[in-house]
Structure formats: structure tokens, C-alpha cells
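What follows is one structure encoded as C-alpha cells, with my remarks underneath.
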Amino acid sequence: MGCAISGLATKSEFAQKDREDAAAHPSDEHIQMIKDSWKVIRDDIAKVGIIMFVRLFETHPECKDVFFLFRDVEDLERLRTNRELRAHGLRVMSFIEKSVARLDQPERLEALAMELGKSHYHYNAPPKYYSYVGAEFICAVRPILKERWTAELEEAWKTMFQYVTSLMTQGYQEESARQRNLAVSPKDRLDKRSTAL
């Protein structure tokens, strides 16, 4: 099931575009559009968070495996009133809000997104799922913004999510490498250093 109300690319196209434009920071014009639209979206963040995750589980049921609390929930309507899902949706929306606020402070946004990627390593939530959230966010906010929604605004939000997703992926990969390095015994590390000489 795609975004029935939008001309949004399929999730695989969204993910492909994410790989192609890995670190494209939004332009000043995009940043202003995102910030202006966020002022409207902000009033419905709890609703958007729930819609976003229910749609995510509808379109990508395998994502439920990452969320042990929802893994066995078959009735997606029950999820709409689930307190844990609401709380998680609000945390994600809070991250989006912080990202929007830091768009014109790239170093702060980079630190925030990289840290979130590192924590997702420990949640066992691999990067392949990250772009799905951006696509479902766009589907959830379009009806809220109504006539304010334009192709340019959609492109601005896609660009932001692709940028943030690439940073999260980088953080995830750094943490994965760090954990692999920690898993190597001290003796193995010494042996490797000896052979490198």
C-alpha cells in the first residue's frame, strides 16, 4: 500500500534516491519551506506520529520485528490507541522537531543524527528501515498541510530526510565498527599490531 493521497515515489524509489543523494543538505529555500510547514505540523505531532507508524507497519510489516512491543500485534487498529506506540511516535516527532530547528546549524544536526544512528545500532534497528519513516511522515503530513502542500515542499522534506538518514546510517556504521573492534580480544589486537610491523 503506497501513499494513496500523494504522487510520492514508492518506498524503494525513496530509498534509491536516498543512496544517490546521500548527504545533500537542504538548500536555504528548502530550509525555510520546512520550517514554515513545521509550524502547522507541530500542532498535530501526536497524531502524525501514530499515523506514521501504523502506516509503516501496514506497508512494511517486517518493521514490527524491530519493535518488540508491537511484534505480535496483528490488529493495526489496536496500535492506533497503543500508549507505547504513541510515546514512540512522539519521540520520533521530537527528533524531527530538533532536526528542523538545527537545519541551519549543520554541525549540531550532524551530531544529533549521528548519535541517533549509534543508538539505533543498540536497538537492533538497521539503516534499511530509516528511509521508510521519512516516506510515511510525508504521507501523514500532506493532508494536514492541505493546499499548502506542493511538489517543492515535498522535495524539501525528502531532501531533509535523506540528509538525516545518511547521517544516521553513518552513525550506525561507526557504532557497528566500534562494537566489532571491542569484540576483538586484546590478544588478537596485539597480534594484529605485531603483524602490521
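Across region 85-94, what is the number of residues that are more than 21 Å from Pro126 (Cβ to Cβ) and either out of contact with any helix residue (DSSP H, G or I) (no Cβ under 7 Å at 6 or more places or on another chain) or open to solvent by 40 Å² or more (accessible area, probe 1.4 Å) (or both)?
Pass one, region 85-94, residues more than 21 Å from Pro126 (Cβ to Cβ): 86-87, 90, 93-94.
Right, trim to either out of contact with any helix residue (DSSP H, G or I) (no Cβ under 7 Å at 6 or more places or on another chain) or open to solvent by 40 Å² or more (accessible area, probe 1.4 Å) (or both) and you get 86-87, 90, 94.
Qualifying residue count for the region: 4.
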Can you tell me how many residues in region 41-67 are open to solvent by less than 40 Å² (accessible area, probe 1.4 Å) and over 15 Å from Gly89 (Cβ atoms)? 2
Breaking point among (1) closer than 19 Å to Ile144 by Cα; (2) open to solvent by less than 30 Å² (accessible area, probe 1.4 Å); (3) at pLDDT below 90; (4) not hydroxyl-bearing (Ser, Thr, Tyr), for Ala4: (2)
Mind checking which helices (runs of 4 or more DSSP H) fall wholly inside region 69-129 and carry at least 3 residues that are farther than 21 Å from Met168 by Cβ and either more than 13 Å from the chain's Cα centre (by Cα) or in contact (Cβ under 8 Å) with a residue 60 or more places away in the chain (or both)? 76-79, 83-101
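The values are calculated or read from the model by the stated rules, or taken from the named source; none is laboratory data. Please read these numbers as outputs of a predicted model, since none were measured by experiment. Backbone-built Cβ (ideal geometry, glycine too); neighbour counts: all protein chains shown. These accessible areas exclude ligands, DNA and RNA; they are computed on the full protein's heavy atoms, side chains included. Shrake-Rupley method; radii C 1.70, N 1.55, O 1.52, S 1.80 Å.
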